[in-house]
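One structure is given below, encoded as structure tokens.
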Amino acid sequence: MATDFPGELQDFQRFLDNKLHVGDAPASLEQALEEFRAHQRDVEKFRSDTRQSLDESARGQSSPLDIDSVLERGRERLAQNRISSA
């Protein structure tokens, strides 16, 4: 299995720098590596989960987010639930 050691080392360094910056330093090197590997799995899952959406967007099958419309639909649902549960 080929790895991008210099790139992975830089990613690990950025990961540790961030942990130290927010005051969440791992207790040991082993713990740091475990947390980094978990972080890498989370990032890959995120990429996998969003890949379909990004592909659809690249094909022009998406539109800009209309936050006002989203909020209005949420308010409508909330109002309906209040009425139906009363």
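Any read-out appearing in this document is the output of simple, stated calculations on the displayed coordinates, not a laboratory observation. Owing to the predicted nature of the structure, the values given are computational and were not obtained by experimental measurement. So basically every Cβ, Gly included, is an ideal-geometry build from the backbone, and we count neighbours across all protein chains shown.
Key figures for this structure:
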{"read-out": "Ordering of 31-37, 61-67 by burial proxy (mean other Cβ atoms within 10 Å per residue, highest first)", "value": "31-37, 61-67"}
{"read-out": "Convex hull per residue volume in Å³, alpha carbons only, for the chain", "value": "230 Å³"}
{"read-out": "The chain: angle of helix 29-58 to the longest principal axis, Cα-based, in degrees nearest 10", "value": "40 degrees"}
